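**Q** Take this structure, written in structure tokens, and hold onto it; I'll ask about it next.
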Amino acid sequence: MTQTPPKPNFKKIANDRSLISQSPQRETRTPSPQLVPSPSQIELLDAPKEGKANLWQNLSFRWKLAILLIAGAALPTIGVTQGIVWYSQKTAQDTLKETVASNASGFQEDYIHWLRLESSGQVQAIADVLGASKIDLQNPAQIKANQTLLQSLIVPSKIEQERLDGWKSFRIIANAQGKTIAQFLRVHKDYPLGTAAEDRSEAIENVSLPTGIDLGNIAIVKESLRLKRPLKGIELLDRSVIQKLGLGEQFKASDANKGIKGLTAMAVEPIEVNGKVVGIAIAGVLLNRNNILVDTFREYYGSEASLYAGDLRASTTIAAADGKNRAIGDRAAEAVKKAVLGGGKRFPWREEIGGKPYLTYYLPLYDYRQDLNPQQAKPVGMLAVGTAPETLNSAVNSVRIVGYGIGLVFLLAAGAIAIPVAGTFSRPLRRLQDFARGIANGEKIAGLADTARRDEIGILSQELDRMATKMEANLTALRQEKAREQLLKEVTLDLSQYPQVKNAFEIALEKLRIDLNVDRAFFYRFDEETLAGEVVAESVAQGLPRALGALITDHCFQDRLAEEYRRGRIQALSNIYESGLADCHIKMLEAFAIKANLVVPILRGSRRILTGLLSVNQCSESRVWQPSEIELLTQIATQFGLAIDRANLIEKTEIAAERAQAIKDLTLKISQSLDSKTIFDTAVAEIRQAIRTDRVIIYQFDKNWKGTVVAESVADEFPKALGAEIADPCFADKYVQKYKQGRVQPTPDIYKAGLTECHLKQLEPFGVKANLVAPIVVGEDLLGLLIAHQCSAPRNWEPAEVDFFAQLATQVGLSLERASLLDRQRQEKENLQRRALELLKEVDPVSQGDLTIRATVTEDEIGTVADSYNSTIESLRKIVGQVKTAAKQMTLTTSQNEVSVQTLSQEAVRQSQEITDALARIQSMTKSIREVTANAKQAEMAVQQASQTVRSGDAAMNRTVDGILAIRETVVETAEKVKRLGESTQKISKVVGLIGRFAAQTHMLALKASIEAARAGDEGQGFAVIADEVRILAAQSAEATAEISNLVTSIQSETNEVATAMQSGTERVALGTKLVEETRQNLTKIAEASAQIDQLVRAIAKAANEQSQASETVSQTMNEVAAISTKTSSEATQVSNSFKELLTVAQTLQKSVGKFKVE
């Protein structure tokens, strides 16, 4: 993964330039690079005016000669002085242009482009980590599960947050549609001009907004997703986008109303997982009103800075006309716009800003299209760096004064010495002329010839010589500084490739050695715990001993020097033999032929951890180390520390990914096992490999908190602990609750951990030097301990290793809990099947008709079925009991009615016989009447006989009437009982119907239970068997109910027929009774007539005739009564037979119901 190079030390660069400007050049009046003159603003002194003609004529020759000599000496002096002034002015102007251009390039490269490149490196790092983690940013579940990782990638480090000139306005992770899923936003609040640097940090505030911000319409984002490639540039964003990101306070509405766009240095990179774009990483800085950025530049470089969105100023250090606010919103000149925005050129321009003249240098800014097509890309903004030439006039005036002062001295010397010194005067002037010509021609500055003169000319020659020497030295220093700045950039770039480029340190050291012209440069790296170390990288000249791989031990270092190096100690020894070193130290250096030594510390991280030393050696001779060399080495050492920090971060990220994968693999493997032993064996093997230790065991407790090693994975060269029983009497009292609460105990060295002697003796047989203990908790119970042993040597357990080990122990506990749960489910399934079989056995007698059976009701699911089954059997038992009672009652009623019906039948037969006898008597009476008619003599005897016969007939008729009335009552009573029997059979029919509905409902419930059991799969097989048995029983009950219903229906039919016959017999008996009553009345009349025969003899004929007619009528009536009686007898016989059949049906029903046992 490509690392973003760290930001150069701008303050150091600016300070070095400031040192140049403050160097002794000022003594020779060389213009400072900070002074930027404008030719139009340089006010030259007025030329001397000529004297008046009359005064010249009045002067004596001596004065004229003196004047001529003085003038002859003064004119060259004035010429040289004016040439120096002109040259100084021109040099200052050129230097100003170069400085402004250099500052503009520095602002562009070291600030604006650096922010863009740094953003590019950050989004690349985010994309690489997420791509390697294979997190699908389109999947909300994965986003939620990895929210911690996502936040860690976007939240800046403490160092980044403390570095104000490099803060980012936003770091964002978005999905493939451009909607944010993780974000870190910061806004720059405006602050007044002149705010101190230490107070500016308050202007930066974090912004908290909900995710889901839609950035998919931003051109650079859309194009990056389309092309599937990273892009970077200076982008123009609408204010609506800036407001979405919560940065509206930095990009005010008043700015937008002026037409200003959001000028943003940003970079984006698609996030790919398995060749598919799942999201995009975005980072950038909003440059509008970014006061910290431009103010920091002005303080370091001494120039004003502005940033333009298009041709409108969006950020600046220049005050507006009111002197309070910044000059935001001003439009660039048309010539600038045409040259820079239209032509993409670098453009110098003289302008007036805020009432002051400035020399300004404009550079174009490009958006992402420059990466895609540099030839056709158009600038979207500009940066401008300008300097006001106010201090230039004073410098030029100083040069003028010095020049004219020197001229005056020459004039005075000429006046005093005149012609004798003319020849001496001309020679220095010629040398000065040559010197000025050399300067004007840009030739290498050479010193003037030495002179013994101590007059003004000699002093001037000496001063000019000193000025030339210093100018050459300063130019040489500037060249060296520039070369070292370039070296620092190259070394920074080389180190940014570490650790991908393994020899990055060697490459950097080689460049450093060559640039400083030293014999050796090496990197000595410490073990950060013990501070012992070795030389891990070296560049050495040929013929000198190599130090690479050398182990250097300094017993004084850790006690005395380590803390000093942490505080920034630098050791510069120009001669090791004159530096007061101890003999042992000198011998240590002599081993590598070192004569002079320069050592600076390499510190890393915000805690300034001493990680090594960077040293350069001079082996050929002693050497005085210059401050610039020390500063350069310090800066490079800082870059070494940053490179190591980046490498450590990458290593930690890779280790975290490996551990996450290890947890995943372990979880997957142990989740495939249901046996605790298999889980234990798999766990110890996988965990030992994951944490790279010598032994991993699982120590399982019994109920007394004594334990046994039940699983072990150990390297071959170390003793086995499997099966070992270890008892710790203190464990139950002191440690059980702690381990239940998640305690994890790392012990780097058991002999330095304060363990008791007995504990040490328990560990020593297994060769333990260091251990790590984590609890295995199942539910809320402490099952045992997961223990890692380091047997080869003590081991310092890192916090990340401890957390990783605790997570592994948690996964083991969860797997055991899962296995236990599955085992309980299996046992519950077996119990359910066993209870189902028991229930089937319990209810099996029901199929034989035993309704007194009760299934055992338990608290499980089968208990619910058994309870429902008991309720069903109880209801069925009650119904069958009711049917039994009804059948018994019907049998009893039928038996009782059978006797009555038989009596009725017998009485009807007897009545028929008596009526036949009565008929015979009536026929005999008729014969007697005929004889009375024929034989009058026998009338008295016949009358008496007739009277007697009538009396007998009357008695017989009375008995007949009484018999018929008894038959009538019997028939009525029988009819009432048959009616009640019909009603009973109807009740039986209702009960049988209810039984049928119960059987149908039971069948339906059994069918539903079978369906639910089928859905349950194997776990419902036992329940399905019960449901089938219940359904069969319900079918049997339905069949028995159908048979009972048929029998009851038959009884109802027969009973209805009997009731109909009884009704008909009752009516006929009533009719016979009426006829008998009439006959009785007739016989009574005959008796009365017979009693009167004696008195009515003379009317015998008439009476005999009438009696003959009546006798005929009675005979006919008696024939009818005999027929009725015969029919009644036949119907009574039928009723008797029906009651016999009804009794048979009732007995059959009682027998069928008797199959069921209800008591």
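**Q** Please give the number of the condition Gln183 fails out of (1) of a type outside the set (Val, Ile, Thr); (2) within 22 Å of Lys228 (Cβ to Cβ); (3) buried (at least 17 other Cβ atoms within 10 Å of the Cβ).
**A** Failed condition: (2).
**Q** Here is a follow-up. Pairs needed: first member in the stretch 126-154, of a type in the set (D, E, K, R); second member anywhere, in a helix (DSSP H, G or I); C-beta distance under 8 Å; at least 6 residues apart or different chains.
**A** If the second residue must be in a helix (DSSP H, G or I), the pairs left are Asp136/Gln142.
**Q** If I filter the stretch 587-612 down to residues being crowded, with 17+ Cβ neighbours inside 10 Å and polar (S, T, N, Q), which single residue comes out as farthest from Arg623 (Cα to Cα)?
**A** So the residue we want is Thr611.
**Q** Let me ask something additional. State yes or no: is Leu763 among the hydrophobic types (A, V, I, L, M, F, W, C) and part of a helix (DSSP H, G or I)? Walk me through it before giving the result.
**A** On the way: among the hydrophobic types (A, V, I, L, M, F, W, C): yes; part of a helix (DSSP H, G or I): yes.
Judged against the criteria, Leu763 is a match.
**Q** Also, I was wondering about something else. Starting from residues that are under 30 Å from Phe805 (Cα atoms) and of a type in the set (Val, Ile, Thr), keep the ones in the stretch 617-658 and report whichever is modelled with the lowest pLDDT.
**A** Among residues in the stretch 617-658 that are under 30 Å from Phe805 (Cα atoms) and of a type in the set (Val, Ile, Thr), the one modelled with the lowest pLDDT is Ile655.
This table checks each residue for (1) within 30 Å of Thr1144 (Cα to Cα); (2) at pLDDT below 70; (3) assigned by TED's automatic domain parsing to the domain that holds Thr1066.
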| position | (1), (2), (3) |
| --- | --- |
| Val857 | no, no, no |
| Ala866 | no, no, no |
| Ser871 | no, no, no |
| Glu874 | yes, no, no |
| Ser895 | yes, yes, yes |
| Glu898 | yes, yes, yes |
| Thr903 | yes, no, yes |
| Ala908 | yes, yes, yes |
| Ala936 | no, yes, yes |
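**Q** Select from the stretch 323-347 the residues that are part of a strand (DSSP E or B) and crowded, with 16+ Cβ neighbours inside 10 Å and list them in ascending order.
**A** Arg326, Phe347
**Q** Over 30 Å from Thr653 (Cβ atoms) and assigned to a loop (DSSP other than H, G, I, E, B): is that true of Glu712 in this structure?
**A** Answer is no for this residue.
**Q** Quick one: what pairs do we get from the stretch 236-247, first residue among the β-branched types (Val, Ile, Thr), second surrounded by fewer than 20 Cβ atoms within 10 Å (Cβ to Cβ) and at pLDDT below 90, C-beta under 7 Å, 6+ apart or different chains?
**A** So the pair list comes out as Ile242/Gly248.
**Q** Ok, one more. Determine whether Phe410 is modelled with pLDDT under 90, surrounded by 14 or more Cβ atoms within 10 Å (Cβ to Cβ) and among the aromatic types (Phe, Trp, Tyr).
**A** Answer is yes for this residue.
**Q** Taking the stated definitions as given, is Val294 in contact with a Phe, Trp or Tyr (Cβ under 9 Å, 6 or more places away or on another chain), more than 30 Å from Ala176 (Cα to Cα) and either assigned to a loop (DSSP other than H, G, I, E, B) or at pLDDT below 95 (or both)?
**A** Working: in contact with a Phe, Trp or Tyr (Cβ under 9 Å, 6 or more places away or on another chain): yes; more than 30 Å from Ala176 (Cα to Cα): yes; either assigned to a loop (DSSP other than H, G, I, E, B) or at pLDDT below 95 (or both): yes.
Yes.
**Q** Can you tell me which residue among Asn704, Asn796 is outside any helix (DSSP H, G or I), in contact (Cβ under 8 Å) with a residue 60 or more places away in the chain and surrounded by fewer than 14 Cβ atoms within 10 Å (Cβ to Cβ)?
**A** It is Asn796.
**Q** Which of (1) in a helix (DSSP H, G or I); (2) surrounded by fewer than 20 Cβ atoms within 10 Å (Cβ to Cβ) does Phe804 not meet, given it meets every other one?
**A** (2)
**Q** Which one of these is modelled with pLDDT of 75 or more, touching a helix residue (DSSP H, G or I) at 6+ places or on another chain (Cβ under 6 Å) and not β-branched (Val, Ile, Thr): Pro799, Pro746, Pro845, Pro794?
**A** Pro746
**Q** Among the listed residues Leu247, Leu227, which satisfies the condition of being of a type outside the set (D, E, K, R), under 38 Å from the mean Cα position of the chain (by Cα), assigned by TED's automatic domain parsing to the domain that holds Pro374 and within 21 Å of Tyr366 (Cβ to Cβ)?
**A** Exactly one of Leu247, Leu227 is of a type outside the set (D, E, K, R), under 38 Å from the mean Cα position of the chain (by Cα), assigned by TED's automatic domain parsing to the domain that holds Pro374 and within 21 Å of Tyr366 (Cβ to Cβ), namely Leu227.
**Q** While we're on this one: Considering only the stretch 273-288, state which residues are in contact (Cβ under 8 Å) with a residue 60 or more places away in the chain and out of contact with any strand residue (DSSP E or B) (no Cβ under 7 Å at 6 or more places or on another chain).
**A** Those that are in contact (Cβ under 8 Å) with a residue 60 or more places away in the chain and out of contact with any strand residue (DSSP E or B) (no Cβ under 7 Å at 6 or more places or on another chain): Val273, Asn274.
**Q** Among (1) within 16 Å of Gln108 (Cβ to Cβ); (2) part of a helix (DSSP H, G or I); (3) in contact with a helix residue (DSSP H, G or I) (Cβ under 8 Å, 6 or more places away or on another chain); (4) not β-branched (Val, Ile, Thr), where does Leu307 come up short?
**A** Only one criterion is unmet by Leu307, namely (2).
**Q** For Ile78, are the conditions met, namely being modelled with pLDDT under 90, surrounded by fewer than 21 Cβ atoms within 10 Å (Cβ to Cβ) and touching a Leu at 6+ places or on another chain (Cβ under 6 Å)?
**A** When the stated conditions are applied, Ile78 does not pass them.
**Q** OK, next. Would you list the strands (runs of 3 or more DSSP E) that sit entirely within the stretch 150-243 and hold 1 or more residues that are at pLDDT below 90?
**A** The qualifying strands (runs of 3 or more DSSP E) are 180-188, 204-207.
The values are calculated or read from the model by the stated rules, or taken from the named source; none is laboratory data. Keep in mind that this is a model prediction, so the values were computed, not measured. Note that we place each Cβ from the backbone using ideal geometry, even for glycine, and neighbour counts take in every protein chain shown.
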